[in-house]
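Values in this text are rule-based calculations from the coordinates and carry no lab data. This one's a predicted model, so the numbers in the text were calculated from it and none came from an experiment. Here Cβ is always computed from backbone atoms with ideal geometry, including for glycine, and neighbour counts include all displayed protein chains.
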Amino acid sequence: MNNLASYALTTTRGRLIYEEPPKYRSEFGRDRDRIIHSTAFRRLEYKTQVFINHEGDLFRTRLTHSLEVAQIGRSVANALKLNADLVEAICLAHDLGHTPFGHVGQDELNRCMHKACGEGFEHNLQSLRIVDKLEERYAQFDGLNLTFETREGILKHCSIKTAKTLGDLGSRFLNDTQPSLEAQLANIADELAYNFHDVDDGLRAGIITLEQLKKVSIVAEELSYLQKKYPALNGRRLHKELVRHLINKTIYDLIEATTLNLKKNNIITPQDVYKALPIVIYTEPMMQKQKDLKKFLLKNLYKHSSVMQLRFKSANIVRRLFEAFVSDTGLLPESYQEKIPSSGLHRVVADYISGMTDRYAFRQYNRLFTVENI
Ligand code: MG
């Protein structure tokens, strides 16, 4: 902790409920530990990233994704002398609110909520709702009672309407200021991790090929470097080396561009960060390369027919579960029925469905709709 830069966040604005400071770990270290022990964190193991969890044992899940995000975040934080405990806490919590079946689950639940009550569903806000309200494990408070800084980092984006309801936490969206460097880093580490692990998983699944990937400039450069250096390398080991090199190259760019940015913008203290432009960013050419890669993945992986078919099926499951629970609250577990008076029917149903793992959602669907199971 003594080796941090002057612009790193080292103190907290506090927790919603006051607690004595921890004796042997930092405030942000305590946040990280609480997140790891939460129920929502364990559920991430059985939630889809891109591939449905039971399609194969080696694809990323939300849990392994979150661990990779935290690894990248921590490494870059150490290189930039930022507060790695805070970065790690934000990274580990950033996807806690994800529905089953990845983004398609979220989009469908959002549609259902809009139609039913005019409110939406957004995984980012749901992550905050989990750490602020839904976890039930402490005697003195609901949620995990995390620090302001971890909560600020979890809330990556937010509508103006919602920001107005969030007090201090929402003010940066109203004033158009930046979050801490640690929060900025966690955000970019998320994107960095999924871009490359999706390349890795896509190659493993055989949905994309190295030949196709060569159309993306950053891949072409690294691949030709590797083929010159190791002419005999091929197959899985080439693909793994490639992904490793891509991640390294991108991380180096991020560290070097951010170091320059800190100097250029004269960032000395954490307060200097709020009014500046985003500081933790890539160089211009790298930003373009990342955009090209994203475009490639959207077209060739996320919209591939085999992925789209599963998306179709998953969206149907989420929609039909939502309709069933809303039409008959007696189908909800008693512990959720009890929350209807305080949270409202639709929000309770959204909390229940979004908390499901992929396989739990399949089981619930089969229980309610599959005749063979009677
Ligand atoms: Mg993520």
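Below, the figures for the structure above:
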{"item": "Using alpha carbons only: equivalent-ellipsoid semi-axes of the chain, gyration tensor based, whole Å", "result": "34, 30, 17"}
{"item": "³J(HN,Hα), Karplus 6.51/-1.76/1.60, whole Hz, each residue of region 319-329, x for Gly, Pro", "result": "5, 5, 5, 4, 4, 5, 5, 6, 6, 9, 5"}
{"item": "Reach of residue 263 by Cα under 19 Å, taken over aspartates and glutamates that are not fewer than 8 positions away in the same chain", "result": "182, 253, 272, 284"}
{"item": "Pairwise centroid distance, computed over Cα atoms, of region 76-130 with region 312-374, Å", "result": "20 Å"}
{"item": "Nonlocal amide H pairs with residue 99, under 5 Å, H built at 1.01 Å", "result": "106"}
{"item": "Per-pair calculated FRET efficiency, R0 = 41 Å: residue 133 and residue 295 via Cβ, rounded to 0.05", "result": "0.65"}
{"item": "Among 80-89, 217-226, the order from most to least packed when residues are scored by Cβ within 10 Å on average", "result": "80-89, 217-226"}
{"item": "Cα-centred dipole magnitude for region 256-351, charges only on beta-carbon of K, R (+1) and D, E (-1), debye, nearest 20", "result": "620 debye"}
{"item": "Taking the chain and dividing mean pair separation by its residue count, relative contact order in percent (alpha carbons under 8 Å, at least six apart)", "result": "21 percent"}
{"item": "Stretch gain in nm, segment residue 221-residue 33, where the contour uses 0.36 nm per residue and the Cα spacing is subtracted", "result": "63.7 nm"}
{"item": "Cα centroid separation - region 241-298 against region 5-23, whole Å", "result": "27 Å"}
{"item": "Computed label-point distance, nm, for sites residue 256 and residue 103 using a 7 Å Cα→Cβ extension", "result": "3.0 nm"}
